[in-house]
Structure formats: C-alpha cells, structure tokens
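Notes to accompany the following structure.
Please treat every number below as a calculation from the coordinates, not as lab data. Computed from a prediction, not measured in an experiment: that's the story for all the values here.
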Amino acid sequence: MTEEEFQRALSKLVSAAAANGVDVEGGWTCEANPTGEEWDVVISVLGSSDSTKGTQ
C-alpha cells in the first residue's frame with residue numbers, strides 16, 4: 001500500500017463511519033498486526049467545506 005492509497009482508504013473509513021453516526025473525533029488506539037505495535041490515532045475536525053467558503 002502506498003501513502004496515497006492509505007490516505008484514500010483512511011478517508012473512506014472515516015467518511016463511512018461519520019455517515020453512520022459514529023463520533024470519529026477523538027483518540028483511538030490501533031494495533032498493527034502482525035507486528036503487534038500499537039498506534040495512537042487522533043482525529044479532529046478541521047472545518048467543513050461550508051464553513052470555509054468565502055475565506056481566502
């Protein structure tokens with residue numbers, strides 16, 4: 001998987017979760033198998049496209 005593929009997959013995952021009512025904002029611990037490493041993932045809202053219109 002490339003970095004670009006990772007970005008697309010992550011965007012799809014977060015979008016699908018949010019569309020289904022999951023509050024995705026916050027901290028998450030993820031285990032990377034098969035290495036068993038744990039990762040801390042933090043998701044925060046940067047702003048919606050509606051809130052950024054007209055601000056240049």
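So what J values fall out for the range 34-46 if you push phi through Karplus, 6.51 cos²θ - 1.76 cosθ + 1.60 with θ = phi - 60°, rounded to Hz, Gly and Pro as x?
x, 6, x, 5, 10, 10, 9, 10, 10, 10, 9, 7, 8
Can you tell me the orientation of helix 3-19 relative to the chain, as the angle in degrees between its alpha-carbon axis and the longest Cα principal axis, to the nearest 10?
Compared with the principal axis, the helix lies near 70 degrees.
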